[in-house]
Amino acid sequence: MSEEEFPISKRLEDAYRFKTSTQILIYLISLVVGALILSIINWPLTDCIVIFTVYAALAFPVIIKVENPWKIGISLGLYGAAMAAIITWTITFIESFNLRSISLYVLFLEIMTVELLHHLGEDIAYKEDKKIYIGVGILSAIFFIFLYIFLSAYDWRVTVFGSIIATIIFAYAILPEKPI
Amino acid sequence: MLELISLVISIGVAFGTCMLIGLKLSKSDPDLEKVIDAIVSNFLDERKFHINSIVEITGLSKNKVEAILKRLEARGIVRKRGNMYQLVDPLVFLTPIDMERARRITKDDNILYGAYQNPYLPRLYFLAMYLIFAADIAFVISVFFNIFPGLTNWVLKILPEGVSVNAFLLFTLGMGIIFVDALDNIIKSWAREKYSVVVGEKSGISYDKSLADELSGKIRRGAIADVDLQFSLLQKILNYFIRVPVGDVIVRVKGEEKPVVFKNMPYPRELFYVIRSIQLGSLGWRKRYARTLMMWRARAMVPAT
């Protein structure tokens, strides 16, 4: 075997992935299967639309591995769609305007906003620079304040230590991750 | 009906707006491409270059070139040494500290490949941690639909007065995601950057044998009897979906009965090619594909159209 026999493609990952057309086909099949399952469950249409949008957003970066501006565009588009669905749905879900309940809704929305961006905006979100760390700091501070408001109904030890520990876990989870 | 229409409209508008933002963000930067082209065309094989050389070749302002080089440096594409810059070999994924260690131990050899074994990644028990999230979802569903009244009553009992159960369930769902993500980060950081594998042009293969090792494992290039590439079914399936493809590279050493197995190496085919090249004593393959490899690494910043 000579070294002439070792061809490589422009994108090294291509040798390990499905062809682009196969990736698209698998994604479409997964969408159809998802829609089929939702139609069998027979939940209200608005709930089904929200779940389907979030599902489509979660599945996209896992299945579609092509790297081009369209992939990034669609990925961010799905992020926006999923967030719009989650926010609209959460607002209709609110049944109590109690400050502690509102804190929990805010915490849920904050977690979903960051985690979905983590998942869908991987190509643009990975930057180890000052701005990212400042962003993580601000988000963690917001997380701490709202969690503190919710936990303040309990014993002070639960309030203080619970808020600190959960905020550390939150900050650690949202820190940018190295691809390798 | 109005609720349904407003939901569909908000999803559509958000999709369109964010997609346009995504397309705008991923638009290629012609200045960045010019600089990458200038470096790849003129300074391959770790040749050092000064910022003024790039200014001269590209015709861009010094400030602009400096800013672009800083971005390339932050992404590990170029390395700054004093006033000079140097292209980092595209198949080197080591941290700067480990890269310096590798240079020192290989006596400043030309390092063609450097990465870490990832012993834990494609194991079923690693993936099993996502069961924690499944348990979280099961808890939320059973309370929401009151499947186990005792559980629902317990949740109602522990919640402060006036706090919505639904809000608490959504929060629990969110915390499940955060907990699994943090756990995933802990396991990855534990597994990552521990077992270096370095392939040098003259020094052959150097690798860490244990956590505290300093590349004591050595396979001289003349001692390589054979090299093989192996993917388990799980690795093969995972490679379709995970960000960085992995596989096992098996090196048979002359006079040794047991082969050396590098587990879950990133870009295993390329490692195989590099080892084959040094075994054959010819870097023709690498030279021929140097530009392609370099452009691939740099393209991470400039997505192909």
Q: State all residues of the range B:18-76 that are closer than 30 Å to A:M83 by Cα, in a helix (DSSP H, G or I) and either within 24 Å of the chain's Cα centre (by Cα) or among the hydroxyl-bearing types (S, T, Y) (or both); if no residue qualifies, say none.
A: B:G22, B:L23, B:L25
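Which one of these is β-branched (V, I, T) and at pLDDT 85 or above: B:I57, B:I36?
On the way: B:I36 fails: at pLDDT 85 or above.
It is B:I57.
Please find, within the range B:270-292, the residue that is surrounded by the fewest Cβ atoms within 10 Å (Cβ to Cβ) out of those that are of a type in the set (A, V, I, L, M) and within 10 Å of chain A (Cβ to nearest Cβ).
Step one: list which residues in the range B:270-292 are of a type in the set (A, V, I, L, M), which gives B:271, B:274-275, B:278, B:280, B:283, B:290.
Filter once more, keeping what is within 10 Å of chain A (Cβ to nearest Cβ): B:274, B:280, B:283.
On the way: B:V274: 24, B:L280: 15, B:L283: 17.
This residue is B:L280.
Across the range B:219-245, what is the number of residues that are outside any strand (DSSP E or B) and either under 15 Å from B:K263 (Cα atoms) or among the hydrophobic types (A, V, I, L, M, F, W, C) (or both)?
The initial filter retains those residues of the range B:219-245 that are outside any strand (DSSP E or B), namely B:220-223, B:231-245.
Among the residues that remain, those that are also either under 15 Å from B:K263 (Cα atoms) or among the hydrophobic types (A, V, I, L, M, F, W, C) (or both) are: B:223, B:231-239, B:241-242, B:244-245.
So the count comes out to 14.
For residues that are assigned to a loop (DSSP other than H, G, I, E, B) and of a type outside the set (F, W, Y), tally how many sit in the range B:256-272. Spell out how you get there, then give the answer.
As a first pass, look at the range B:256-272 and keep what is assigned to a loop (DSSP other than H, G, I, E, B): B:256-259, B:267.
The next check asks that each one be of a type outside the set (F, W, Y); those that pass are B:256-259.
Qualifying residue count for the region: 4.
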Q) If A:I91 passes every condition in (1) more than 7 Å from chain B (Cβ to nearest Cβ); (2) touching a residue at least 24 places away in the same chain (Cβ under 8 Å) but one, which one does it miss? A) (2)
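May I ask you to verify whether B:R252 is touching a helix residue (DSSP H, G or I) at 6+ places or on another chain (Cβ under 8 Å) and either on the phi < 0 side of the Ramachandran plot or without any contact (Cβ under 8 Å) to a residue 60 or more places away in the chain (or both)?
Spelling it out, it is not the case that B:R252 is touching a helix residue (DSSP H, G or I) at 6+ places or on another chain (Cβ under 8 Å) and either on the phi < 0 side of the Ramachandran plot or without any contact (Cβ under 8 Å) to a residue 60 or more places away in the chain (or both).
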**Q.** Identity of the residue in the range A:6-24, charged (D, E, K, R) and within 27 Å of the chain's Cα centre (by Cα), that ends up surrounded by the fewest Cβ atoms within 10 Å (Cβ to Cβ)
**A.** A:K19
Q | Set A:I165, A:I111, A:I142, A:I174: member being more than 8 Å from chain B (Cβ to nearest Cβ) and either out of contact with any helix residue (DSSP H, G or I) (no Cβ under 7 Å at 6 or more places or on another chain) or buried (at least 17 other Cβ atoms within 10 Å of the Cβ) (or both) | A | A:I165
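Residues being of a type in the set (A, V, I, L, M, F, W, C) and on the phi > 0 side of the Ramachandran plot: count how many of those fall in the range B:199-226.
Qualifying residue count for the region: 1.
The values are calculated or read from the model by the stated rules, or taken from the named source; none is laboratory data. A quick note: this is a predicted structure, and the numbers were derived from the prediction, not measured. Here Cβ is always computed from backbone atoms with ideal geometry, including for glycine, and neighbour counts include all displayed protein chains.
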